[in-house]
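Coordinate-derived values only; no laboratory data. Note that the structure is predicted; figures quoted are calculated from it, not measured. All Cβ positions, even for glycine, are placed from backbone atoms using ideal geometry, and neighbour counts span all protein chains on display.
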Amino acid sequence: MSSNFRIWLPAIAITLFLVACGDDKNAAPASAEKTKPAPRATIISTTLTKTISIEVIEHSVGSLESIIRPEVSAEIEGRYIGGFVMTGQRVKPGQLLAELDTEDYAIAARAADAEAAQLSALVKNQRRTVKRFTKLIEDKLISVDRYDEARAQLDSLQEQLKAANARRNQKQRGLTKTRVLSAYDGIVDEELASPGDFLKVGDPIFRIIKVDKLRARLPLPETLANRLSLGLKLRLVSPMAPSVVIESSIQEIRPTVGSRNRAIDILTIIDNPGPWQPGASVTGEIILTTRDNAVLVPKASVVLRPAGKVVYIIRDGIAHQQIVEVGEYIDGGIEITSGLKGGETIAVNGAGFLTDGSLVTVSGANKP
């Protein structure tokens with residue numbers, strides 16, 4: 001018996017080993033099924049879409065200009081003696097700005113006065129002669145030819161007197177032009193002549209600017225030419241007074257494109273709010289259009305997929321892909337022109353990690 005047991009012992013051990021291996025193979029799938037992990041949810045934040053009114057705005061940085069920038073120039077020739085105003089000083093119409101040398105014009109004016117006085121005396125004498133000849137011609141004591149000659153002489157002297165008076169007025173006017181007066185109400189922007197300079201007619205002496213009204217010049221890309229029109233609303237802000245906002249409209253559009261910057265200039269005239277000055281920069285917001293019932297979503301909500309631009313609408317913890325069409329980019333948001341009606345809950349942060357049908361966990365909700 002012992003010898004037979006020893007013979008069968010190895011066979012029994014092999015059989016038991018095979019049975020044990022078979023049980024392990026059958027048990028492995030059941031264990032795997034029990035340890036299979038549940039689907040993971042993506043953590044996101046959401047927002048509720050609403051319809052609002054939006055303004056499509058184009059920004060531009062331009063400059064402020066003075067509407068009137070006249071140069072006060074010399075109207076006669078003469079040596080510049082000196083000015084009575086300085087740069088930055090406000091002047092009013094009729095105020096004395098500068099003087100030119102008067103000596104030559106004073107001499108010419110006195111000569112013209114003397115010439116006019118001489119002719120005036122001759123005219124008076126000739127009038128008396130004609131008066132006497134009138135009585136003599138009635139008594140037929142002189143010939144008609146002599147009387148006519150006296151009348152012609154009087155007419156000639158009277159015309160010469162008129163010419164002399166005109167020359168006298170001209171010389172007197174030239175004398176008054178040695179005093180340069182302001183014709184404008186404004187501020188002296190620059191002194192263009194120095195005392196001692198010999199000025200010719202038309203040489204500038206001062207530049208005066210008006211600051212009560214200013215013109216804002218804003219350049220815009222030529223691609224916006226077909227969207228610009230007179231009357232579009234503007235909002236203007238200058239660094240000289242950041243808290244002051246001026247509302248205006250497009251009053252003029254330059255008909256040509258700038259050769260250097262390829263831009264179209266739009267112009268508007270405004271009342272100076274006080275602290276603004278010509279030459280300062282100005283930032284303009286041009287309201288191209290206003291749209292009501294527009295849907296605006298955060299930029300992070302719109303992601304690019306093979307189907308196009310999409311947002312993910314969240315319903316019952318599941319992300320549903322929605323293809324959309326976008327419009328303007330406004331203040332960190334994107335206008336949705338097609339695909340959303342408003343009132344949908346969409347993914348914001350984490351939207352880029354979603355696919356259609358993904359499970360989501362909302363950790364925070366943004367304001368609409």
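Rank 181, 229, 144 by how far each Cα sits towards the positive end of the charge dipole of the chain (+1 on Lys, Arg Cβ; -1 on Asp, Glu Cβ) and give me just the farthest.
144
Can you give the calculated 222 nm mean residue ellipticity of the chain, where each DSSP H run of n ≥ 4 adds -39,500 (n - 2.57) and the sum is split over every residue, rounded to the nearest 500 deg cm²/dmol? Kindly include the intermediate steps, with their values, before the conclusion.
Numbers: 3 runs with 103 residues, N = 368.
The helix contribution divided over the chain gives -10000 deg cm²/dmol.
Nothing charged except the Cβ atoms of Lys and Arg (+1) and of Asp and Glu (-1): what's the magnitude of the dipole of the stretch 78-207 about its Cα centre? Round to the nearest 20 debye. Walk me through the intermediate numbers first.
Numbers: 22 positive and 19 negative charges, 151 e Å.
Result for the stretch 78-207 is approximately 720 debye, rounded to the nearest 20.
By how many degrees, 0 to 90 and rounded to 10, does the Cα axis of helix 103-138 deviate from the longest principal axis of the chain?
40 degrees
Can you give me the long-range amide H partners of residue 276? Hydrogens built in the peptide plane at 1.01 Å from N, cutoff under 5 Å, separation of 5 or more residues or another chain.
none
Take the chain, connect every pair of alpha-carbon atoms lying under 10 Å apart with a spring to form a Gaussian network, then pick out the residue of 307, 225, 319 with the largest mean-square fluctuation.
Result for the chain, Cα springs under 10 Å: 307 fluctuates most.
Using θ = phi - 60° and the Karplus curve 6.51 cos²θ - 1.76 cosθ + 1.60, what whole-Hz ³J(HN,Hα) does each residue of the stretch 141-152 get, with Gly and Pro shown as x?
9, 10, 7, 5, 4, 5, 5, 5, 5, 5, 5, 5
Would you work out the relative contact order for the chain, in percent, from Cα pairs under 8 angstrom that are 6 or more residues apart?
On the way: 695 pairs, mean separation 102.3, N = 368.
Contact order relative to length: 28 percent.
Do you know the relative contact order of the stretch 78-207, to the nearest whole percent, from alpha carbon pairs under 8 angstrom that are 6+ apart?
On the way: 174 pairs, mean separation 61.8, N = 130.
That works out to 48 percent.
Give me a comma-separated list of calculated 3J(HN,Hα) values for the stretch 333-348, in order, Karplus coefficients 6.51, -1.76, 1.60 applied at θ = phi - 60°, integers in Hz, x for any Gly or Pro.
Those phi angles translate into x, 10, 6, 9, 8, 7, x, 10, 10, x, x, 7, 9, 10, 7, 10 Hz.
Taking the highest mean first, how do the peptides 249-260, 226-237 order by number of other beta carbon atoms within 10 angstrom per residue? Numbers along the way, then the final one.
Numbers: 249-260: 11.5, 226-237: 14.1.
In decreasing order of mean packing, 249-260, 226-237 become 226-237, 249-260.
Could you tally up the Lys pairs in the stretch 78-207 with alpha carbons closer than 16 Å? Skip any pair fewer than 8 positions apart unless they're on separate chains.
Numbers: 124/162; 131/140; 162/171; 177/200.
Total qualifying Lys-Lys pairs in the stretch 78-207 comes to 4.
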